[in-house]
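Visitor: Take a look at this one; I'll ask things after.
The values are calculated or read from the model by the stated rules, or taken from the named source; none is laboratory data. Worth saying up front: this structure is predicted, and the values here are computed from it rather than measured. Neighbour counts run over all protein chains shown; Cβ positions are idealised from the backbone, glycine included. Areas reflect the complete protein model, heavy atoms only, side chains present, ligands, DNA and RNA absent. Shrake-Rupley method; radii C 1.70, N 1.55, O 1.52, S 1.80 Å.
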Amino acid sequence: VDTDNGFDVPPKYTVSDYIADFISAQKISGVFNLSGGMTAFMVDALFRRGDKEIINPKSEQAAGFAAEGSTRVSGLPAVAFATSGPGATNLITAIASCFFDSTPVVFITGQVNSNELRKNLLQRQNGFQELDVVEMVQGITKSAIQVKDASEVAPLLNEVWRIASAGRPGPVLLDIPIDIQQKPHEAFSATEKAISSTKKEQSDYSLVVEAIKNAKRPLILAGGGIQLDKSVELFRKFIKAWKIPVVTSLMGLDALESDSEFNLGLIGSYGHEYSNNALFTCDLLIAIGSRIDVRQAPWDPIDFCKNKMIIRVDIDPHELSGRINSNLQYQETVREFLTGLANHVIPNNGLIFRDESKSLVGASIPKNGELSLEGNIDPGEFLKKISEICQSANGYIVDVGQHQMWAAQSLHVFPHQRFMTSGGLGSMGFATPAAIGAATAKPGRWIVVAGDGGFQMSTNELETIRELNLNVTVLVLNNKQHGMVAQFQRENLGSRFVSTREGYSAPDFQKVAEAYGVRSYKINSKADFTKMPNEFLLGPGPTLVEVLISQEEEALPKFNRKSYPLS
Ligand SMILES: Cc1ncc(C[n+]2csc(CCOP(=O)(O)OP(=O)(O)O)c2C)c(N)n1
Ligand SMILES: [Mg+2]
């Protein structure tokens with residue numbers, strides 16, 4: 001490590017100590033790190049405090065995803081450290097994932113000595129491993145700042161911490177040159193008062209009440225904002241009291257348990273046809289914490305908005321004026337909206353509309369099984385069974401691909417369970433490291449659902465999982481291909497499976513698990529599944545279950561605008 005002052009032993013109390021004390025004093029969900037010279041002082045200072053466990057995944061991307069998983073489970077920010085240069089670039093995918101899924105992770109990167117930073121923007125690089133990460137992540141953070149002087153550290157830490165969770169939550173990044181990390185600093189004192197938010201004036205909900213009363217086909221679209229706002233219980237109470245049916249987006253899937261009598265299920269590109277039909281044909285749509293993006297409502301926006309009143313609730317004003325127009329908007333938290341409405345419960349036609357919608361269920365359940373060859377495992381059926389066995393688990397962390405859509409369609413999510421996936425970014429390789437964060441934030445079992453492709457992006461995290469003896473089951477749905485892309489190639493590119501089957505391969509996952517010291521089980525057939533002892537799913541400790549899925553299985557039904565309304 002090249003340092004400015006050549007200290008072997010740091011001076012009495014440094015900026016690094018201050019940062020460590022500051023982090024120690026915060027309510028956080030965890031600290032994730034991959035080491036490097038430019039962060040070593042800060043991480044060492046935190047280690048010397050001894051009160052926050054430092055968790056060390058095997059790449060910065062995994063550390064970032066783990067921090068994301070930890071934050072999404074606990075609702076508290078996690079901290080992820082990475083060194084300058086390659087450490088910082090490796091973080092970027094995770095930062096983007098946090099940004100698109102509104103996860104308040106605090107990223108701290110080390111930077112080269114201030115006097116080694118490039119002198120102007122035209123110079124590529126001056127210091128070794130110097131890289132302007134702040135510039136690179138401007139578009140995917142709520143705030144990204146490089147510290148220029150020791151006196152800025154305290155106010156900037158306070159500021160980014162506050163910004164991360166304010167309004168729509170999201171990632172922030174502080175980049176701290178190593179010379180500044182070693183400068184003397186005044187000791188941290190926790191006496192600073194938290195800024196109390198000013199109380200918002202209550203909105204007028206009479207128009208919402210009126211709309212619900214008049215609607216023949218009222219529907220609520222539950223989005224990821226409900227979990228983000230920690231308003232799940234409030235939301236479920238609201239639904240029970242008002243008896244309005246609910247459809248969920250991919251991110252809102254765990255806002256309401258699968259069993260709820262009001263749950264009409266998953267919408268979107270791979271949603272259930274009856275759920276999409278309800279979304280299309282409702283005459284009042286109340287979208288709570290959902291941006292109604294193109295994957296969730298793939299209709300032409302004008303067609304979609306016809307013949308219905310749309311009420312949107314979102315803390316983020318930019319979403320309220322997004323792709324889908326609305327007749328009424330509430331720029332407030334889910335909690336504020338639901339609390340405001342709580343005093344007004346009135347009867348409505350929700351149950352009639354629900355029953356009408358449900359009567360279409362038989363005709364349009366996901367047709368996962370259609371292409372299944374005799375005796376082959378139907379992924380939808382299989383995942384449904386898995387969720388029956390895993391009732392006691394904390395929930396599912398799902399990667400990206402066909403298996404993600406099968407999981408969203410078919411896993412039965414019980415009231416206490418989570419369903420988490422990389423929503424906005426849709427990044428393969430997310431689930432396994434995210435489970436490290438989830439399992440360190442909340443004890444109990446977590447089930448990863450991954451494809452053979454995505455799992456190969458973070459297979460090495462089995463080592464971290466084994467090292468920490470985490471209660472994680474990695475369920476690999478192995479169809480020996482990048483299935484989701486192969487499906488696209490079958491539909492659009494004359495079944496030329498370039499890079500998805502041709503030139504793609506996967507190792508023997510049982511041997512891989514063995515190398516990492518993780519117990520494993522392989523399911524080749526329905527018979528293997530029935531023989532499998534439940535401990536391979538439920539632990540204790542880490543396990544891997546591989547299940548072979550036919551390459552011909554597709555994620556269906558694929559949304560087709562023309563088929564709505566269903567007849
Ligand atoms: C980091 C990243 N790279 C590429 C993609 C594009 N992509 C989406 S799904 C997919 C295939 C996933 O394969 P696998 O993990 O085996 O899941 P399957 O679809 O077979 O269930 C690919 C390559 C992506 N989403 N993320
Ligand atoms: Mg696959």
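Visitor: Ranked highest first by average number of other Cβ atoms within 10 Å, how do 261-270, 217-226 line up?
Guide: Details: 261-270: 21.8, 217-226: 26.6.
In decreasing order of mean packing, 261-270, 217-226 become 217-226, 261-270.
Visitor: Determine the gain in length on full extension of the stretch Arg490-Ile389; use 0.36 nm per residue of separation and subtract their C-alpha separation, reporting nm with one decimal.
Guide: Details: separation 101, 0.36 × 101 = 36.36 nm, distance 3.40 nm.
33.0 nm is the gain from fully extending Arg490 to Ile389.
Visitor: Beyond 20 Å, what share of the Cα-Cα pairs of segment 398-465 remains, rounded to the nearest whole percent?
Guide: Details: 570 of 2278 pairs.
Here the tail beyond 20 Å accounts for 25 percent of pairs.
Visitor: What percentage of all Cα-Cα pairs in segment 175-265 are separated by more than 23 Å?
Guide: On the way: 2090 of 4095 pairs.
Tail fraction, whole percent: 51.
Visitor: Also, quick follow-up: I need the shape label for segment 193-348. Rule: rounded when a/c is under 1.5, else prolate if a/b > b/c, else oblate, with a, b, c from the alpha carbon gyration tensor. Could the numbers behind the result be given before it?
Guide: Working: a/c = 1.38, a/b = 1.33, b/c = 1.04.
It comes out rounded by the Cα gyration axes.
Visitor: In what sequence, highest mean first, do 447-457, 17-27 appear when ranked by Cβ atoms within 10 angstrom?
Guide: Numbers: 447-457: 26.6, 17-27: 19.1.
Ranking the peptides 447-457, 17-27 by packing returns 447-457, 17-27.
Visitor: Per residue, how much accessible surface does the chain expose to a 1.4 Å probe? Answer in Å², no decimals.
Guide: Values: 23440 Å² over 567 residues.
Here the per-residue accessible area is 41 Å².
Visitor: Continuing with the same structure: Compute the Cα gyration tensor for segment 416-567, then decide on rounded, prolate or oblate, letting a ≥ b ≥ c be the square roots of its eigenvalues: rounded whenever a/c is under 1.5, prolate when a/b is larger than b/c in the other cases, and oblate in all that remain. Let's see the in-between values first.
Guide: Values: a/c = 1.80, a/b = 1.53, b/c = 1.18.
Judged from the Cα gyration tensor, segment 416-567 comes out prolate (a/c at least 1.5, a/b above b/c).
Visitor: In addition: Using only Cα atoms, locate the centre of segment 507-567 and the centre of segment 461-478, then give the distance between them in Å, rounded to an integer.
Guide: Measuring centre to centre over Cα atoms gives 15 Å.
Visitor: Looking at segment 50-115, which trypsin sites (Lys or Arg not before Pro) are in a loop (DSSP not H, G, I, E or B) and have at most 13 other Cβ atoms within 10 Å? Write down the numbers at each step before the final one.
Guide: Details: sites: Lys52, Lys58, Arg72; in loops: Lys52, Lys58.
Loop-located and lightly packed - none at all.
Visitor: Filter the cross-link list Lys442/Lys511; Lys27/Lys240; Lys240/Lys358; Lys213/Lys306; Lys243/Lys385; Lys213/Lys237 down to pairs whose alpha-carbon distance in this structure exceeds 27 Å.
Guide: Details: Lys442/Lys511 29 Å; Lys27/Lys240 33 Å; Lys240/Lys358 18 Å; Lys213/Lys306 20 Å; Lys243/Lys385 29 Å; Lys213/Lys237 19 Å.
From the list (Lys442/Lys511; Lys27/Lys240; Lys240/Lys358; Lys213/Lys306; Lys243/Lys385; Lys213/Lys237), the Cα-Cα distance tops 27 Å for Lys442/Lys511; Lys27/Lys240; Lys243/Lys385.
Visitor: Given a Förster distance of 45 Å, report the FRET efficiency between Glu261 and Ile302 from their Cβ-Cβ distance, rounded to the nearest 0.05. Could the numbers behind the result be given before it?
Guide: On the way: r = 34 Å, r/R0 = 0.75.
Step by step, r from the Cβ atoms, then E = 0.85.
Visitor: When each pair of different Cα atoms in the chain is counted once in the 1/r mean, what is the Kirkwood radius in angstroms, to one decimal? Walk me through the intermediate numbers first.
Guide: On the way: mean 1/r = 0.0401 Å⁻¹.
Kirkwood radius, the chain: 24.9 Å.
Visitor: Over the chain, what is the relative contact order in percent, taking alpha-carbon pairs closer than 8 angstrom and at least six residues apart?
Guide: Values: 1233 pairs, mean separation 76.4, N = 567.
It rounds to 13 percent for the chain.
Visitor: Follow-up question, since we're still on this one. Quick one: length gained pulling Arg124 to Leu328 fully straight, 0.36 nm per residue minus the C-alpha distance? Walk me through the numbers on the way to the answer.
Guide: Details: separation 204, 0.36 × 204 = 73.44 nm, distance 4.97 nm.
Between Arg124 and Leu328, full extension yields an extra 68.5 nm.
Visitor: Under the rule of -39500 (n - 2.57) per DSSP H run of 4 or more residues, summed and divided by the residues of the chain, what mean residue ellipticity at 222 nm is obtained, to the nearest 500 deg cm²/dmol? Display every interim value, and only then the final one.
Guide: Values: 25 runs with 211 residues, N = 567.
Rounded to the nearest 500, the figure is -10000 deg cm²/dmol.
Visitor: To the nearest Å, what is the center-to-center distance of segment 227-305 and segment 48-92, using C-alpha atoms only?
Guide: 32 Å
Visitor: Against the 2.2 N^0.38 Å scaling, with N counting residues, where does segment 33-175 land? I'd like the Cα-based Rg ratio to two decimal places.
Guide: Compared with the compact-globule rule of thumb, segment 33-175 sits at 0.99.
Visitor: What's the ranking of 119-130, 428-439 by average number of surrounding C-beta atoms within 10 Å, highest first? Don't jump to the answer; show the numbers that get you there.
Guide: On the way: 119-130: 11.9, 428-439: 30.5.
For the peptides 119-130, 428-439, the packing ranking is 428-439, 119-130.
Visitor: Could you tell me which trypsin sites (Lys or Arg not before Pro) in segment 388-480 are loop residues by DSSP with no more than 11 other beta carbons within 10 angstrom of their beta carbon?
Guide: Details: sites: Arg418, Arg445, Arg466, Lys480; in loops: Arg445, Lys480.
Filter output for segment 388-480: empty list.
Visitor: Where in the chain are the DSSP H helices whose alpha-carbon span along the long axis reaches 20 Å or more and whose Kyte-Doolittle mean is at least 1.0? Before the final figure, lay out each step's value.
Guide: On the way: long enough: 60-74 (21 Å, -0.26); 86-100 (22 Å, 1.24); 150-165 (24 Å, 0.42).
What comes out of the filter, once short or polar helices are dropped, is 86-100.
Visitor: Report the residues of segment 234-249 in range of a label on Ala342: point 7 Å along Cα→C-beta, backbone N strictly under 14 Å from it.
Guide: Answer for this model: 234-242.
Visitor: For segment 343-493, what is the convex hull (Cα atoms) projected area averaged across all directions, in square nanometres?
Guide: Its average projected convex-hull area is 12.9 nm².
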